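Peer 1: Shown below is the structure under consideration.
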Amino acid sequence: MSNLIRAFIAVELDPAIRQELARLQLVLQQKLPIENGIKWVAPDNIHITLRFLGEIDNTSLASINVIMDRIAADFPAFTIRTAGLGAFPDLHRPSILWAGLDQGADTLASLAGRLEHDLTGSITEEKTSAASDKFTPHITLGRIRLPQAAVPLSKALKTLPDPEGYTQSVSHLTLFQSRLTTSGPVYSVLATAPLKSKGQAINSA
């Protein structure tokens, strides 16, 4: 039996933001064909990924915890704000439907850059299979499975008013385990690393 676990480092989102993003998902679903070819992220699973780690063992897990703590201690707590909807690589060839971020985006990018640099230098590249593309802070709402979903999705997005920006404070990083099941991934918290803050409580839920 394998002792490897599938893991990633992320910023957790407040329930209020996840609820609003779930509402946007529902609005889009209602505007799209029933068989829309999009795999929607479950509202409870919506988050901001900073670093996907792949499958790691217990030794790597201990090292990752140390690195997370060290990096988080260098960053003050900050605020993020959602801003708009879009798709990667673009709306003509969408594969990822996302909600964007404006406030806090630079800090998220800096955190992701530090994690990539420090983890790549401390853990074998095989165990830290991060994408080579430049990190763009975003919140994944759905994954487009069928190319024919591009046109109706693009039309649906154009009919939506610009979604209101929602803000929250970020006080810690979270290391998640991701267990793949037939009904979708199940995430559980393995560890949290507090940012340099002014006494904010760490949310480990």
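Peer 1: Can you work out ³J(HN,Hα) from phi for every residue in region 54-65, in order, using Karplus 6.51 cos²θ - 1.76 cosθ + 1.60 and θ = phi - 60°, giving whole Hz and x for Gly and Pro?
Peer 2: x, 8, 10, 9, 5, 5, 5, 4, 5, 5, 4, 4
Peer 1: Right, here's the next one. Towards the positive end of the charge dipole of the chain, with charges on Cβ (+1 Lys, Arg; -1 Asp, Glu), say which of His117, His138, Ala77 has the farthest Cα.
Peer 2: Toward the positive end, the furthest listed residue is His138.
Peer 1: Ratio of alpha-carbon Rg to the 2.2 N^0.38 Å globular estimate for the chain, to two decimals, please.
Peer 2: Scaled against compact globular proteins, the figure is 1.04.
Peer 1: Moving on. Once you list every other residue whose beta carbon is under 13 Å from the beta carbon of Pro185, what net charge do they have if Lys and Arg are +1 and Asp and Glu are -1?
Peer 2: Once all neighbours under 13 Å are counted, the net charge is +3.
Peer 1: Let me ask something else. Could you tell me how far the Cα centroid of region 14-36 sits from the Cα centroid of region 56-83, in Å?
Peer 2: Cα centroid to Cα centroid, the span is 29 Å.
Peer 1: May I pose another question? Count charges around Lys39 for me, please; just the other residues with Cβ under 14 Å from its Cβ, Lys/Arg as +1, Asp/Glu as -1.
Peer 2: +1
Peer 1: Ok, one more. If each of Gln19 and Thr79 carries a label point 7 Å out from its Cα toward its Cβ, how far apart are those two points in nm?
Peer 2: Here the modelled spin labels are 2.0 nm apart.
Peer 1: Still on this structure, please answer the following. Could the peptides 28-41, 96-109 be put in order, highest first, of the mean number of other beta-carbon atoms found within 10 Å of their residues?
Peer 2: 96-109, 28-41
Peer 1: Return the long-range amide H neighbours of Gln103 (sequence gap of 5 or more, or a different chain), with a cut-off of under 5 Å between placed amide H atoms.
Peer 2: Distant-sequence amide H within range of Gln103: Arg81.
Peer 1: Still on this structure, please answer the following. As I understand it, the dipole of the chain uses +1 on the Cβ of Lys and Arg and -1 on the Cβ of Asp and Glu, about the Cα centre. Which of Val27, His92, Ala42 lies farthest toward its positive end?
Peer 2: Val27
Peer 1: Using the 10 angstrom Cβ neighbour count as an exposure proxy, how do Ser154, Ser171, Ser183 rank, fewest first?
Peer 2: Ser183, Ser154, Ser171
Peer 1: In debye, nearest 20, what is the charge dipole magnitude of region 5-194 about its Cα centre with +1 on Lys and Arg Cβ and -1 on Asp and Glu Cβ, if you could check?
Peer 2: 620 debye
Peer 1: Here's a follow-up. Could you count how many Lys pairs in the chain have their Cα atoms under 27 Å apart, skipping same-chain pairs fewer than 8 positions apart?
Peer 2: Lysine pairs satisfying the spacing and distance rule in the chain number 9.
Each value in this text was obtained by applying a stated rule to the coordinates, not by laboratory testing. For clarity, every value in this text was computed on a predicted model and none was experimentally measured. Virtual Cβ from ideal backbone geometry, glycine too; neighbours counted across all protein chains shown.
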